[in-house]
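The values are calculated or read from the model by the stated rules, or taken from the named source; none is laboratory data. Owing to the predicted nature of the structure, the values given are computational and were not obtained by experimental measurement. Here Cβ is always computed from backbone atoms with ideal geometry, including for glycine, and neighbour counts include all displayed protein chains.
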Amino acid sequence: MDDKFDPAPHDKHAENPHAAAREDRRAKKELDKGLRDTFPASDPVSVTQPSTTKKSGEARKEPRKG
């Protein structure tokens, strides 16, 4: 019994550690490039895309008067 006891079963849904590390490196390079392209600036670069907003007409409950 040279094998160590591991009570946790293998997680078949876990990410591949090599793929996760590769994605982390890619995201870091993208962020670094964005920071270099905007330096010096008062607002930091955003790596994520902004969410969509409601159309201006959908926000109103009453029709416009006038």
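For beta carbons closer than 7 Å, sequence separation of 6+ or different chains, a first residue in the stretch 1-21 that is in a loop (DSSP other than H, G, I, E, B) and a second that is at pLDDT 80 or above and among the acidic types (Asp, Glu), there are no qualifying pairs. Does at least one position in the stretch 39-55 carry a residue that is out of contact with any strand residue (DSSP E or B) (no Cβ under 8 Å at 6 or more places or on another chain) and at pLDDT 80 or above? No, every residue in the stretch 39-55 fails to be out of contact with any strand residue (DSSP E or B) (no Cβ under 8 Å at 6 or more places or on another chain) and at pLDDT 80 or above.
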